[in-house]
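Colleague: This is the structure I want to talk about, given as structure tokens.
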Amino acid sequence: MTRVALTSAVNLAKKLQDAGIRNQAVLKAISHTPREMFLDNALAHKAYENTALPIGQGQTISQPYIVARMSELLLHKMPQRVLEVGTGSGYQAAILAQLVPQLCTIERIKGLQIQARQRLKRLDLHNVSFKYGDGWLGWANRSPFDAIMVTAAAATIPEALLSQLADGGVLVLPVGEDTQQLMRITRTADRFSSETIETVKFVPLINGELA
């Protein structure tokens, strides 16, 4: 990272802490990650604003607060193997890769997946496995997962993702269409308990369509 980018990322982490993010590992990962790397040059000047931004193909990079909040919710049981559904720009994956030993990430838009893979390689993050496919179906042959994060809003909770959770595992995802709620679902044997965290706004999770 350049000195300017490092200063900006550190300042962003401080703002997120002021906004209520408490997990110090998450804040450290935010402070070490150059968000402008995940944006087109025309939007780089907005990289450290707490806002979602377009990344092409009708997709967005989530606002930093949501990235940090979802990461924080995911980490409360120290997961070892994590699945991310919706690689997008790769920014959320870059944060998670600094926090967990093994990350698997799925993207349905090939161009975005290629860019994200290149970005994480430049950041020297090598504990990430990439898949081009339908995130609604998860990644069955890599399951079970200690935690799953979905970075697009599902109209309903995908059954495949629930089935791929390990016992004690957590699923963090936005659910809904016009009104979306961020939820954390915990598996205990064959039972699932859910918590509603806060209202959010994400692009929809597409079922079955690759691009």
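The values are calculated or read from the model by the stated rules, or taken from the named source; none is laboratory data. Since we're looking at a predicted model, the values are computed, not measured. Here the Cβ is made from the backbone with ideal geometry for all residues, glycine too, and neighbour counts use every protein chain on show. Just the protein is used for accessible areas: all its heavy atoms, side chains included, with ligands, DNA and RNA removed. Shrake-Rupley method; radii C 1.70, N 1.55, O 1.52, S 1.80 Å.
Colleague: Under the definition of Cα pairs under 8 Å and six or more residues apart, what whole-number percent is the relative contact order of the range 96-211? Could the numbers behind the result be given before it?
Modeller: Working: 221 pairs, mean separation 26.8, N = 116.
Here the relative contact order equals 23 percent.
Colleague: Using a 1.4 angstrom probe with every protein chain in place, what is the largest-first accessible-area order of Glu209, Glu177, Glu36, Glu72? Don't skip to the answer; put the middle values down first.
Modeller: Values: Glu209 110, Glu177 130, Glu36 55, Glu72 30 Å².
Ranking Glu209, Glu177, Glu36, Glu72 by accessible area, largest first, yields Glu177, Glu209, Glu36, Glu72.
Colleague: Here is a further query. Hey, can you find the accessible area per residue of the chain for me, probe 1.4 Å, expressed in square angstrom?
Modeller: Numbers: 9850 Å² over 211 residues.
Value returned for the chain: 47 Å² of accessible area per residue.
Colleague: Just to be sure I understand: of the beta bridges DSSP finds with both ends in the range 6-155, what percent are antiparallel, rounded to 5? Mind showing how you got there, number by number?
Modeller: Numbers: 3 of 17 bridges.
Percentage antiparallel, nearest 5: 20.
Colleague: Suppose a student asked you for the relative contact order of the chain, using Cα pairs under 8 Å spaced at least 6 residues apart; what percent would you report? Don't skip to the end; give the middle numbers.
Modeller: Numbers: 434 pairs, mean separation 32.2, N = 211.
RCO, the chain: 15 percent.
Colleague: Can you pull the percent of the range 19-159's accessible area that's carbon plus sulfur, 1.4 Å probe, other chains left in place? Provide the component values of the computation, followed by the final result.
Modeller: Numbers: 2900 of 5850 Å².
Roughly 50 percent, rounded to a whole number.
Colleague: So how tilted is helix 3-18 from the main axis of the chain? Cα-based, degrees 0 to 90, rounded to 10.
Modeller: Approximately 50 degrees, to the nearest ten.
Colleague: Within the range 76-107, what residues put their amide N at less than 12 Å from the label point 7 Å along the Cα-to-Cβ vector of Ser129?
Modeller: 81-84, 102-106
Colleague: Right, here's the next one. Give me the extension gain from Glu198 to His32: residue separation times 0.36 nm, minus the current Cα-Cα distance, reported in nm with one decimal. Working shown, then result.
Modeller: Values: separation 166, 0.36 × 166 = 59.76 nm, distance 2.66 nm.
Contour length minus the Cα-Cα distance gives 57.1 nm.
Colleague: Straight-line reach from Lys110: which aspartates and glutamates have a Cα under 14 Å away, not including same-chain ones fewer than 8 places off?
Modeller: Reachable aspartates and glutamates: Asp134, Glu209.
Colleague: Pairs of alpha-carbon atoms within less than 8 angstrom and 6+ residues apart define the contacts here; what relative contact order does the range 157-196 have, in percent?
Modeller: 33
Colleague: Measuring from the lowest to the highest alpha carbon on each principal axis, how far does the range 1-89 reach, largest first, in angstroms?
Modeller: Cα extents, longest axis first: 39, 30, 22 Å.
Colleague: Next question. What FRET efficiency would be calculated for the residue pair Arg142, Ala211, taking the C-beta separation as r and a Förster radius of 25 Å, to the nearest 0.05? Write down the numbers at each step before the final one.
Modeller: Working: r = 22 Å, r/R0 = 0.89.
Once the sixth-power term is evaluated, E becomes 0.65.
Colleague: Now, a different point. From the square roots a ≥ b ≥ c of the eigenvalues of the alpha-carbon gyration tensor of the range 142-211, which class results: rounded (a/c under 1.5), prolate (a/b over b/c), or oblate? Don't jump to the answer; show the numbers that get you there.
Modeller: Details: a/c = 2.33, a/b = 1.32, b/c = 1.76.
It is oblate, given that a/c is not under 1.5 and a/b is not larger than b/c.
Colleague: May I ask you to list the residues of the range 169-211 whose amide nitrogen lies under 17 Å from a point 7 Å from Cα along the Cα→beta-carbon direction of Glu159?
Modeller: 190-192, 207-208
Colleague: Quick one: check the C-alpha center-to-center distance for the range 7-81 versus the range 148-179, whole angstrom.
Modeller: 20
Colleague: So, one more: Could you work out how far apart the two model spin labels at His45 and Ala19 are, taking each label as a point 7 Å from the Cα in the direction of the beta carbon, and quote it in nm?
Modeller: It is 2.1 nm.
Colleague: Right, something else. In the set (1) -0.94, -1.17, -1.35; (2) -0.35, -0.80, -1.45; (3) -0.30, -0.77, -1.54, which value of log10 I(q)/I(0) by the Debye sum over Cα atoms at q = 0.09, 0.14, 0.19 Å⁻¹ was calculated from the structure you see?
Modeller: (3)
Colleague: What is the angle, in °, between the Cα long axis of helix 64-74 and the longest principal axis of the Cα atoms in the chain? Nearest 10 is fine, range 0 to 90.
Modeller: Here the helix axis deviates by roughly 40 degrees.
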